[in-house]
Amino acid sequence: MNNKRVLLKLSGETLSGNGSSVCSQSVQMIADEIKTVLSDKVELSIVVGAGNLWRGAGKEIDRVSADKMGMLATVMNAIVISETLKSNGIKSVVLSASGVTNFCETFSQQKAENYLKDGYVVVFGGGTGNPFFTTDTTAALRASEIKADIILKATQVDGVYTADPKKDKTATKYDKISYREAINKNLKIMDISAFLLCMENNIEIYVFDFHKKGNLKKALDGQNIGTIVSK
């Protein structure tokens, strides 16, 4: 396994389970997977979504306010992950783009890079710090800022398909696909803004099934278990 700086993009739903918004077993599974890949050859960061806690709102709440609530929810999820990693003997820190300094440190590029070099798993919370951007775009932005080699996009399917494999049994899986093709075919992997950031900074995206035990290590070892999105 080559020396890599990796950003793992987790959905908020990865933390949920058993009817709970945050399930201790699910979060421990995340820690167990991370333990298998941590070494002096991997610098790992994480961006986590908030879908388990907050999915926006209807007419009652303004979009900007709703997005701010979502950013706060990502900070809560980031703290859960970081504290679970610490309880497993893994150095971890939360850096947030939003002003929640009583709960975690404020993000800066230099601070993130220093922590990564010191062997910390850096968990990014607070989104981009601005409304109207998803955590997919946050992942692409943070990956670009820390000069990550790859984004590992954790999903519940084993890669990118021509259609939803749960709905269309004729759907076929891509082993590789270009950013431009993914955009043109409107494949729902990441937002267009996230694709464009990755394309501009030449950061590969690897889409894989995170929920299958051992897949994180397999993805980093270069095994063909998902789909690579690249130039």
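The values are calculated or read from the model by the stated rules, or taken from the named source; none is laboratory data. Here the structure is a predicted model, which is why all the values come from computation and not from measurement. Heads up, the Cβs are rebuilt from the backbone with ideal geometry, glycines too, and the neighbour counts pull from every protein chain shown. Quick note on the areas: whole protein, heavy atoms, side chains included, nothing else; ligands and nucleic acids left out. Shrake-Rupley method; radii C 1.70, N 1.55, O 1.52, S 1.80 Å.
A few points about this structure:
- If you go through segment 198-231 and pick out every residue that is of a type outside the set (Phe, Trp, Tyr), outside any strand (DSSP E or B) and either within 20 Å of LEU141 (Cα to Cα) or within 16 Å of the chain's Cα centre (by Cα) (or both), you end up with 14.
- VAL80 more than 15 Å from ASP136 (Cα to Cα), of a type in the set (A, V, I, L, M, F, W, C) and touching a residue at least 12 places away in the same chain (Cβ under 8 Å): yes
- Within segment 1-28, if we keep just the residues that are at pLDDT below 95, in a strand (DSSP E or B) and not charged (D, E, K, R), the residue that is nearest to LYS217 (Cα to Cα) turns out to be GLY17.
- Within segment 29-62, being part of a helix (DSSP H, G or I) and farther than 17 Å from LYS153 by Cβ holds for MET29, ALA31, ASP32, LYS35.
- Restricting attention to segment 145-188 and to residues that are within 17 Å of ASP209 (Cα to Cα), without any contact (Cβ under 8 Å) to a residue 24 or more places away in the chain and part of a loop (DSSP other than H, G, I, E, B), the residue that is least open to solvent (accessible area, probe 1.4 Å) turns out to be ALA171.
- Residue identified as touching a strand residue (DSSP E or B) at 6+ places or on another chain (Cβ under 7 Å) and more than 17 Å from GLY89 (Cα to Cα) among LEU10, LEU38, LEU15, LEU44: LEU10
- Yes/no for ILE79 being farther than 23 Å from LYS4 by Cβ, of a type outside the set (Asp, Glu) and either touching a Cys at 6+ places or on another chain (Cβ under 7 Å) or open to solvent by less than 10 Å² (accessible area, probe 1.4 Å) (or both): yes
- Residue among LEU220, LEU141, LEU152, LEU196 that alone is in contact with a Leu (Cβ under 8 Å, 6 or more places away or on another chain) and either at pLDDT below 95 or among the aromatic types (Phe, Trp, Tyr) (or both): LEU220
- Just one of the listed residues (GLU113, GLU60) is among the acidic types (Asp, Glu), surrounded by fewer than 23 Cβ atoms within 10 Å (Cβ to Cβ), free of Cβ contacts under 8 Å to residues at least 60 places away in the same chain and more than 17 Å from VAL42 (Cβ to Cβ), namely GLU60.
- Checking THR135 against (1) among the polar types (S, T, N, Q); (2) open to solvent by 20 Å² or more (accessible area, probe 1.4 Å); (3) touching a helix residue (DSSP H, G or I) at 6+ places or on another chain (Cβ under 6 Å), the condition it does not meet: (3)
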